[in-house]
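The values are calculated or read from the model by the stated rules, or taken from the named source; none is laboratory data. Note that the structure is predicted; figures quoted are calculated from it, not measured. Note that each Cβ is placed from the backbone with ideal geometry, even for glycine, and that neighbours are counted across all protein chains shown.
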Amino acid sequence: MDHLEALRWHLVRGVIVWLATAICIFVFIDWIFDNIIYAPARPNFITYTALCNWSHKLGLGQALCMPPVNIPLQGNTISGPFMSAINIAMIGGIIVAFPYLFWELWRFIKPALSPKEVKYARGSIFWVSLCFFTGAAFGYFLLAPFTFNFLANFTLGTVGAYKYMPTLDDYIDTLNNIILGCGIAFELPILAYVLAKIGLITAKFLKKYRKYAFVAILIISAIITPSPDWTSQTIVAIPLLLLYEISVVLVARVDKKKAKEEKEWS
């Protein structure tokens, strides 16, 4: 019962911070929508201009310049704009308040750990938050522009029977799934490190099943990317493959340290 009481207060504080952050986002929802949410759907988005500038500097001409996007959004419900604003505020609150939410989780788990385990976990809040925000930035600045560009310029038929006008909810849900999906996927090294500390995986295990992991990563990439084009899936798969190799290195260091400690004890 004492643990449940402690968990309740951790949850209460986390919800309060999350709602406070969501309210702040809702207050500035117009600016956030214009400059952050809808930005990847504009032709002057930083990713489009940066890739095009790099293409010219590398002497590749227009090779890296993506076609301009035009995504007019429509609403088909009376409450659509308001509910979309609530959705943006709630998801944005989770993203912005993520370090604090994880800190509350850490404070609940910490009393159950030994001093040695607490020492091993030093800096975990920083590294978990760094991986999450790196993944979220990757999804926002790289994956989202490629996804929206592909979908907006994809045509069905040649007689103009289909007019591309996605709903506001569909656009926001797609962007949220990309950002949150990439943020969670980039936690792979942290998860591997924790499992290695617990003793559930080893570097030998990861190397042995590397080919199966690569197939799983390709499947995860296909799930994260809403668009079916191979470019977007490759953009997701390559960082995940690199993160898997980083996980192998981290787990190998944990194995080496454990072997050294066992040798000292013996």
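Could you identify the single residue in Ile37, Ile78, Ile71, Ile32 that is β-branched (Val, Ile, Thr) and surrounded by fewer than 12 Cβ atoms within 10 Å (Cβ to Cβ)? Walk me through it before giving the result.
Details: Ile37 fails: surrounded by fewer than 12 Cβ atoms within 10 Å (Cβ to Cβ); Ile71 fails: surrounded by fewer than 12 Cβ atoms within 10 Å (Cβ to Cβ); Ile32 fails: surrounded by fewer than 12 Cβ atoms within 10 Å (Cβ to Cβ).
Just one listed residue meets the conditions, Ile78.
Would you be able to tell me the number of residues in the stretch 57-76 that are free of Cβ contacts under 8 Å to residues at least 60 places away in the same chain and in a loop (DSSP other than H, G, I, E, B)?
So in the stretch 57-76, the residues free of Cβ contacts under 8 Å to residues at least 60 places away in the same chain come out as 57-65, 68.
Pick out the ones that are also in a loop (DSSP other than H, G, I, E, B) and you get 58-65, 68.
Summing the residues that are free of Cβ contacts under 8 Å to residues at least 60 places away in the same chain and in a loop (DSSP other than H, G, I, E, B) in the stretch 57-76 gives 9.
Of the residues that sit in the stretch 99-154 and are buried (at least 16 other Cβ atoms within 10 Å of the Cβ) and of a type in the set (Gly, Ala, Ser), which one is farthest from Lys257 (Cα to Cα)?
If we take residues in the stretch 99-154 being buried (at least 16 other Cβ atoms within 10 Å of the Cβ) and of a type in the set (Gly, Ala, Ser), then Ala152 is farthest from Lys257 (Cα to Cα).
Those residues that are basic (Lys, Arg) and surrounded by fewer than 13 Cβ atoms within 10 Å (Cβ to Cβ), I need them from the stretch 254-266; list them, please. Lay out the reasoning, then the answer.
Initial filter on the stretch 254-266 (basic (Lys, Arg)): 256-258, 260, 263.
Lys256, Lys260, Lys263 - these are the residues of the stretch 254-266 that are basic (Lys, Arg) and surrounded by fewer than 13 Cβ atoms within 10 Å (Cβ to Cβ).
Mind checking which residues of the stretch 37-76 are of a type in the set (Gly, Ala, Ser) and farther than 18 Å from Ala137 by Cβ? Explain how you work it out, then say what you get.
First, pick out the residues of the stretch 37-76 that are of a type in the set (Gly, Ala, Ser): 39, 41, 50, 55, 59, 61, 63, 75.
Passing the criteria: Ser55, Gly59, Gly61, Ala63, Gly75.
Can you tell me which condition Tyr164 does not meet? The list is (1) in a helix (DSSP H, G or I); (2) more than 19 Å from Gly139 (Cα to Cα), and all the others hold.
Going through (1) in a helix (DSSP H, G or I); (2) more than 19 Å from Gly139 (Cα to Cα) one by one, Tyr164 breaks only (1).
Quick one: in the stretch 182-203, of everything that is part of a loop (DSSP other than H, G, I, E, B) and of a type in the set (A, V, I, L, M), which residue is surrounded by the fewest Cβ atoms within 10 Å (Cβ to Cβ)? Walk me through it before giving the result.
Quick first cut of the stretch 182-203, residues part of a loop (DSSP other than H, G, I, E, B) only: 186-187, 199-202.
Next cut, of a type in the set (A, V, I, L, M) only: 200-201.
Values: Leu200: 10, Ile201: 20.
Ranking the qualifying residues of the stretch 182-203, first place goes to Leu200.
Within the stretch 144-181, can you find the residues that are of a type in the set (A, V, I, L, M, F, W, C) and modelled with pLDDT of 85 or more? Outline the logic, then answer.
Looking only at the stretch 144-181, we keep the residues that are of a type in the set (A, V, I, L, M, F, W, C), and these are 144, 146, 148, 150-152, 154, 156, 159, 161, 165, 168, 172, 175, 178-180.
Within the stretch 144-181, Ala144, Leu168, Ile172, Leu175, Ile178, Ile179, Leu180 qualify.
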